[in-house]
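Notes follow once the structure below has been shown.
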Amino acid sequence: MIMLGLIPARRGSKGISGKNIRPLGDFPLVEYTLRAATAAKRLDVVAVTTNDPKVAQIASQFKVRVIDRPESMARDESPMIDAVAHALEILAGQGCRPDAVTLLQPTSPFRTAEHIDQAVLQFCESGADSLLSVNAVSEHPCECVRREDGRLNRAVDPPSPGSGRQAFPEYWYVNGAIYITRTSMLLDKREFWDAKSEIFIMPSLNSLDIDGPSDWILAQALLKTHFDSIGLVR
């Protein structure tokens, strides 16, 4: 099976200006994912799809394929699947036709090469059409409420009245760090995962998805206090 590692890194961001090229510790954000992807042993090809010349310049230092993403596919509202399909079309024209795509978003800087390799191995051994990375939820749905018609209702009812967390069913948060999908599913269904997907469980520390300024502050703190336990490639 030919496995493509695809890094989508467009220019601009609503939450954090210039997020992908903004320095986090010693490196621009996108470089953490570039380092992890190029160190992974189970990715046959690594490519970056971007409309940002600065991202392209950083990526070129890692000798990965750089795909010029059209501006129409790089807006805030642009579906990710369009950029992936475009990248697959460009790569096919270059003679590269992967059987599956491992999507690696730069907003997950603490996902390591080891996580990628473990996820790809699990995907290949499972025979599934897709896999997504998750981590245990910190706020359980059984402890969440919503107000409806003047009443408080639980998001999910506990197994029995008064039952504690130990009795709650397992729930997982889709952390966005790794999506692996067969190319046929991507192109036919235009979906990255479905109800039959495998899940790859990651530690919470490695699962941070940087979306807004508070996430950036947390990432800086984790970088200083948990560097050894996270095991970043530097």
Check your understanding: Has region 163-176 got at least one residue that is in a strand (DSSP E or B), touching a residue at least 60 places away in the same chain (Cβ under 8 Å) and surrounded by 14 or more Cβ atoms within 10 Å (Cβ to Cβ)?
Key -> yes
Check your understanding: In this structure, is residue 102 in contact with a Phe, Trp or Tyr (Cβ under 9 Å, 6 or more places away or on another chain) and crowded, with 17+ Cβ neighbours inside 10 Å?
Key -> yes
Review point. Residues of region 81-105 being acidic (Asp, Glu) and within 20 Å of residue 193 (Cα to Cα), which ones?
Key: 82, 99
Review point. Would you pick out the residues in region 204-216 that are modelled with pLDDT of 95 or more and in a loop (DSSP other than H, G, I, E, B)?
Key: 208, 209, 210
Revision key, fill the gap. Counting only residues that are part of a helix (DSSP H, G or I) and charged (D, E, K, R), region 26-40 contains a total of 2
Exercise for review: Being modelled with pLDDT of 95 or more, assigned to a helix (DSSP H, G or I) and surrounded by 15 or more Cβ atoms within 10 Å (Cβ to Cβ) is the filter here, so list the residues in region 41-79 that pass it.
Suggested key: 54, 55, 56, 58, 59
Study note, to complete from the structure: Checked pairs for region 1-22, first within 17 Å of residue 84 (Cβ to Cβ), second among the hydrophobic types (A, V, I, L, M, F, W, C) and modelled with pLDDT under 95, C-beta under 6 Å and 6 or more apart or across chains, list as 10/74
Review point. In region 86-99, which residues are buried (at least 17 other Cβ atoms within 10 Å of the Cβ) and within 21 Å of residue 120 (Cβ to Cβ)?
Key: 87, 88, 91, 98
Review point. What residue, among those in region 114-149 that are acidic (Asp, Glu) and without any contact (Cβ under 8 Å) to a residue 60 or more places away in the chain, is surrounded by the most Cβ atoms within 10 Å (Cβ to Cβ)?
Key: 143
Review point. For region 113-134, how many residues meet the condition of being touching a helix residue (DSSP H, G or I) at 6+ places or on another chain (Cβ under 8 Å) and over 20 Å from residue 32 (Cα atoms)?
Key: 3
**Study point:** Unmet criterion (only one of (1) modelled with pLDDT under 95; (2) closer than 12 Å to residue 109 by Cβ; (3) touching a strand residue (DSSP E or B) at 6+ places or on another chain (Cβ under 7 Å)) for residue 25
**Key:** (3)
Point to revise | From the options 87, 83, residue that is part of a helix (DSSP H, G or I), small (Gly, Ala, Ser) and within 15 Å of residue 2 (Cβ to Cβ) | key: 87
Revision key, fill the gap. So, first residue over 15 Å from residue 180 (Cα atoms) in region 31-46, second residue basic (Lys, Arg), Cβ within less than 7 Å, six or more apart or across chains; the pairs are 36/111
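The values are calculated or read from the model by the stated rules, or taken from the named source; none is laboratory data. Model, not experiment: these values are computed from the prediction. Using ideal geometry, Cβ is built from the backbone for each residue, glycine included, and neighbour counts are taken over all protein chains shown.
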